[in-house]
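So the structure is just underneath, and the comments pick up after that.
Rule-based calculations on the coordinates, nothing more; no lab input. Every value quoted in this text rests on a predicted model; they were computed, and no experiment measured them. FYI the Cβ positions are ideal-geometry reconstructions off the backbone, even for glycines, and counts take in every protein chain you see.
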Amino acid sequence: MAMTLITTNTSSDAATSDFTTGIDSTYKLYIFKFININPATTGQDFGFQVNVAGESDYNEVITSTSFSAWYGEAGSGPSLAYDTAKDQAQGTGFQDLNSVQSSDADSGMAGTLWLFNPSNTTYVKHFYAVTTSFTLDATPNHNNYYIAGYVNVTGAIDEIQFKYSSGNFDGIISMYGVG
């Protein structure tokens, strides 16, 4: 199966990165690639939320789970842990894809989000993501996040928005269709 680049959003001091066209029944799998995403403010979480066709406000119901692997900059760790703070149990908030990222020049976030069959009108929409970034939890560390779940809607999803919990950001997000 081939990956087809649909569009790329290049953000510079932007509050959000929105994909409001291109998610349709053409593909059963959409892949979003995050390249050097940097928040303007240290300590923010990067996440996503979706819209069902004809709806607004990016507030669909999500159930998810998350765990992280990290290693401290000063040699502390390593650690592998379930992250209950990133879970949603039928929540309508943005799904976090990383945690308390640093805004330092050497701390860009990268990763991938897979969204399965968003145009299907019979089943819920599954997703999973893997991201990596430099974070500032208790001490500076490199963190890999693993997130999986589903959007609990049967309506077709046709929009997705990415943003930090607060503040603007720079970076590139590319959307691909697979099929």
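For the reader, a short list of remarks on this structure follows.
- Value of relative contact order over the chain, rounded to a whole percent, pairs C-alpha under 8 Å and six or more apart: 42
- Dipole of the chain, positive end: most advanced residue of Tyr82, Ser103, Tyr58 [Cβ charges, Cα centre]: Tyr82
- Label-to-label distance, Ala74 versus Thr7, with points set 7 angstrom from Cα along the beta-carbon direction: 4.5 nm.
- Surrounding net charge for Gly171, when Lys and Arg each add one and Asp and Glu each subtract one, Cβ distance under 12 Å: 0
- 13 Å cut-off, amide nitrogen to a point 7 angstrom out along Thr63 Cα→Cβ, residues in region 84-123: 88-91
- Alpha carbon centroid spacing (whole Å) that separates region 1-72 from region 75-112: 14
- Here the chain is assigned +1 on the Cβ of each Lys and Arg and -1 on the Cβ of each Asp and Glu. Its dipole about the Cα centre then comes out at about 460 debye.
- Taking 4 °C and 1.567 mPa s as conditions, region 101-148 diffuses translationally at an estimated 104 µm²/s according to Stokes-Einstein applied to its Kirkwood radius (Cα pairs).
- Each residue of region 121-129 was assigned a 3J(HN,Hα) from its phi angle through the Karplus expression (A = 6.51, B = -1.76, C = 1.60, θ = phi - 60°), giving 10, 10, 10, 5, 10, 7, 8, 8, 8 Hz with x at Gly and Pro.
- For Glu73, distant residues with modelled amide H under 5 Å away: Asn141, His142
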